[in-house]
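Accompanying notes for the structure given below.
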Amino acid sequence: MNRFLFALLLLLPLPAFAWGDDGHRILCAVAWADLQPLARARVQDLLAIQTPEEFSELCLWADRYRDTHPETRRWHGVSVAAGQLKVDPLRDCDETWSCAIVQIKRDLGLMNGNAGREEKADALKFLMHFVGDIHEPLHVTNAGSGIGYAIHGTYFGRETNMHDLWDSDIIAAENKPWPELAMELHKGITNAQRAAWVVSTPEDWANESLMLTQRPEMKFVEAKDFTWGEAYQRANVTVVRERLQRAGVRLSYAINETLGAAGEFAP
């Protein structure tokens, strides 16, 4: 499987990007490497792509779509009722705004159903992105606590905010091109981890993220202004890396289950 990631590393230019984009590229590169041959062929056909680079870039599509469709903004996370430590889709994903949990299930339903080719392609692109979003802790927070944009400080001497720190800065501090980091993360996943991680639901993924916001090491609940660096990086980078691994494994599993089954496929 790693030959796909190795080829990507050789072919891509290697400037540094923010984790807001690179996190999605990384987890989608991990997912691509775990796709079954039949599922990968169907993804290539449905999205009119050939390479892992194209697949990873399409993982950013939902953010670009949101720029011109602001009604989809709430689809990228879950706003959990204040004071609650567990996600309840009936409570937290109202019909008007929806949330990432509902949209992930909707996208899987469209891919499994009789939707047209374009609708299925859009559903897959949304799925690729939302699985990533729901694994980022600050995309699943309690209402009233915010999502970190109002918490300002510096990280390794650079001005930032709490949300961007988790979206971008922790991974950027690894100082590795994203294809290299994707290959490293994919190589580090064991079969036992894969087996454990896929026995889960989108609600489980959201609850994992919500609980991570309560970790003392994250300092989200009590954070105000901050000046952080190496100590914070050591305390949290392993969490970020595993969230990317889990998201990639779960995305590939969802696609394999949906598009990898034997039998006729009607895009």
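Points worth noting:
- Criterion violated by residue 226 - all others in (1) at pLDDT below 95; (2) under 23 Å from residue 25 (Cα atoms); (3) not aliphatic (A, V, I, L, M) satisfied: (2)
- Residue 267 being at pLDDT below 95, closer than 24 Å to residue 84 by Cα, over 20 Å from the mean Cα position of the chain (by Cα) and not in a helix (DSSP H, G or I): no
- Residues being among the small types (Gly, Ala, Ser), closer than 23 Å to residue 146 by Cβ and in contact with a Lys or Arg (Cβ under 7 Å, 6 or more places away or on another chain) - total across region 56-107: 3
- Among (1) assigned to a loop (DSSP other than H, G, I, E, B); (2) closer than 30 Å to residue 172 by Cα - the single one residue 55 does not satisfy: (1)
- Being modelled with pLDDT of 95 or more and under 25 Å from residue 55 (Cβ atoms) holds for only one residue in 133, 167, and it is 133.
- Considering residues of region 23-51 that are in contact with a Pro (Cβ under 9 Å, 6 or more places away or on another chain) and either modelled with pLDDT under 95 or among the aliphatic types (A, V, I, L, M) (or both) only, the residue surrounded by the fewest Cβ atoms within 10 Å (Cβ to Cβ): 46
- Only one of 235, 254, 172 that is within 24 Å of residue 102 (Cα to Cα) and either free of Cβ contacts under 8 Å to residues at least 24 places away in the same chain or among the aliphatic types (A, V, I, L, M) (or both): 254
- Reported count of residues in region 171-227, each being over 28 Å from residue 158 (Cβ atoms) and over 17 Å from the mean Cα position of the chain (by Cα), is 8.
- Conditions (1) touching a residue at least 60 places away in the same chain (Cβ under 8 Å); (2) outside any helix (DSSP H, G or I): number failed by residue 20: (2)
- Meets criteria (surrounded by fewer than 16 Cβ atoms within 10 Å (Cβ to Cβ), more than 24 Å from residue 84 (Cα to Cα) and not β-branched (Val, Ile, Thr)) for residue 230: yes
- Beta carbons closer than 7 Å, at least 6 apart along the sequence or on distinct chains, pair a first residue in region 148-161 that is closer than 9 Å to residue 227 by Cα with a second that is of a type in the set (A, V, I, L, M, F, W, C) and part of a loop (DSSP other than H, G, I, E, B) for 156/173.
The values are calculated or read from the model by the stated rules, or taken from the named source; none is laboratory data. Remember, it's a predicted structure, so these values are computed and weren't measured experimentally. Positions of Cβ are generated from backbone atoms using ideal geometry, with glycine treated the same way; all protein chains shown enter the neighbour counts.
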